[in-house]
1. Which of the residues spanning region 72-110 are among the β-branched types (Val, Ile, Thr), in contact with a strand residue (DSSP E or B) (Cβ under 6 Å, 6 or more places away or on another chain) and in contact (Cβ under 8 Å) with a residue 40 or more places away in the chain?
2. I want to confirm something. Restricting to region 216-274 and keeping residues that are among the small types (Gly, Ala, Ser) and more than 17 Å from Tyr287 (Cα to Cα), which single residue is surrounded by the most Cβ atoms within 10 Å (Cβ to Cβ)?
3. Here is a list of conditions, (1) of a type in the set (A, V, I, L, M); (2) at pLDDT 95 or above; (3) in contact with a helix residue (DSSP H, G or I) (Cβ under 9 Å, 6 or more places away or on another chain), and Leu220 meets all of them except one; can you say which number that is?
4. Only one residue in Asp150, Asp132, Asp156 is of a type in the set (D, E, K, R), open to solvent by 10 Å² or more (accessible area, probe 1.4 Å) and closer than 20 Å to Lys79 by Cβ. Which one?
5. Cβ-Cβ below 7 Å, separation at least six or inter-chain, first residue in region 24-39 and of a type in the set (Phe, Trp, Tyr), second assigned to a loop (DSSP other than H, G, I, E, B) and surrounded by 16 or more Cβ atoms within 10 Å (Cβ to Cβ): which pairs?
6. Looking at region 230-248, is at least one residue at pLDDT 95 or above and either over 18 Å from Met146 (Cα atoms) or acidic (Asp, Glu) (or both)?
7. I'd like the residue in region 86-101 that is within 19 Å of Leu313 (Cα to Cα) and of a type in the set (Gly, Ala, Ser) and, out of all such residues, is modelled with the lowest pLDDT.
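The values are calculated or read from the model by the stated rules, or taken from the named source; none is laboratory data. Here the structure is a predicted model, which means the values were calculated and not measured. Because the Cβ atoms are built from the backbone with ideal geometry, glycine has one as well, and the counts that use them run over all protein chains shown. Please note that ligands, DNA and RNA were not included when accessible areas were found on the heavy atoms of the full protein model with its side chains. Shrake-Rupley method; radii C 1.70, N 1.55, O 1.52, S 1.80 Å.
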Amino acid sequence: MSYELQQALIIAAVAVGVLLILYFGLGALFFFIALGNKKRPDPTVPCKDSLFERNADNENLIAGYKWYDTTYHQEVVIKNRKGENLHGVEFLNPSNSNTWVVCLHGWTNVNREMSSYAMEFYKRGFNVLLPDLRGHNNSEHKFVTMGWKDRLDVVDWINNIAKHNPKVKIIIHGVSMGGATTMMTTGEELPENVVLAIEDCGFVGVKEIFTDRCKRKYHLPPKLVMPQASLINKLVNGFFFGQANCIKQLKKSKTPTLFIHGDKDDFVLLENLEPVYNACAAEKEKYIVRGAEHALSSHWFHEEYWQVVDNFLKKYFDVVER
């Protein structure tokens, strides 16, 4: 083999090596940005450029934070089926209610950022549990699982509530990733205690939302990012992105579900609504909030949002206290 050919082969091998590093590096970078642990030094300080920072002057958000900070609550910790510590806070209603609402937060958020929703359910006489999902705030897990593994944790939370009161009624409510978690949870075998679910602006599946983010947020061809990121997720979280899908879960659902989505949502597009709604095998309703951006339906259109929720609740509860 001539010297020139050897040099050419070396250069070609180096070039291929660099391309492979870049190829897998893009996937790894996306994985760690999207699914790296989201614990924040101070959970009362919103993430930079988040909807909570951009809407810091919203009266409903402010009222929720004030209620959270001034209403008696206690931290609760359980172990999930994997032996990890799950943290949350619970608000026991003085009405001695027999109904609990499990409120599930979104990606990069913490339980306190569900306080405006918790406040409204509390006003209606319900007890409220605000868990921190995996990889967020104080709950154990090195990485975020976008609702897929969280669905099993929610079942564990539900079973923990029912263990202390077998006659309890439970509502699952979630926003954004919490909405997807809600849908994924309803596909599991749930105790009869679970009466209904409310999902707000959840996505069809993890593969779909990340593919969309690649295109619109990062302007990258998904084929250059998604296969590697999904493989890394399989290695560390135990599932490929395509497995984490709300549609297949909703086809098994027996839980009456209210689907809510804002028509100006630019993060989880409105086109996510129809597929999940159509897939749901249980009793269902849907409501599109005109003019609402992502996860802001309740904050921007408060009365409208809660009237829709109340109308749904009244189908399953004799009295809705306010």
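1. Initial filter on region 72-110 (among the β-branched types (Val, Ile, Thr)): 76-78, 89, 99, 101-102, 108, 110.
Then drop every residue that is not in contact with a strand residue (DSSP E or B) (Cβ under 6 Å, 6 or more places away or on another chain), which leaves 76-78, 89, 99, 101-102.
Listed by number, the residues that qualify are Val76, Ile78, Val89, Thr99, Val101, Val102.
2. Initially, region 216-274 is screened for residues among the small types (Gly, Ala, Ser), giving 229-230, 238, 242, 244, 253, 262.
Next, only the ones that are more than 17 Å from Tyr287 (Cα to Cα) stay: 229-230, 238, 242, 244, 253.
On the way: Ala229: 26, Ser230: 22, Gly238: 12, Gly242: 12, Ala244: 28, Ser253: 23.
Among those residues, the one meeting the criterion is Ala244.
3. So the condition that Leu220 fails would be (2).
4. Working: Asp150 fails: open to solvent by 10 Å² or more (accessible area, probe 1.4 Å); Asp132 fails: open to solvent by 10 Å² or more (accessible area, probe 1.4 Å).
Unique residue meeting the criteria: Asp156.
5. Listed pairs, sorted by first residue: Phe30/Val225.
6. Within region 230-248 (the criterion being at pLDDT 95 or above and either over 18 Å from Met146 (Cα atoms) or acidic (Asp, Glu) (or both)), the answer is no, since none of the residues qualifies.
7. Step one: list which residues in region 86-101 are within 19 Å of Leu313 (Cα to Cα), which gives 93, 95-101.
Filter again for of a type in the set (Gly, Ala, Ser), leaving 95, 97.
Working: Ser95: 89, Ser97: 86.
Per the criteria, the residue is Ser97.
Residue-wise test of (1) among the hydrophobic types (A, V, I, L, M, F, W, C); (2) without any contact (Cβ under 8 Å) to a residue 60 or more places away in the chain.
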| position | (1), (2) |
| --- | --- |
| Ala56 | yes, yes |
| Phe121 | yes, yes |
| Asp156 | no, no |
| Ile170 | yes, no |
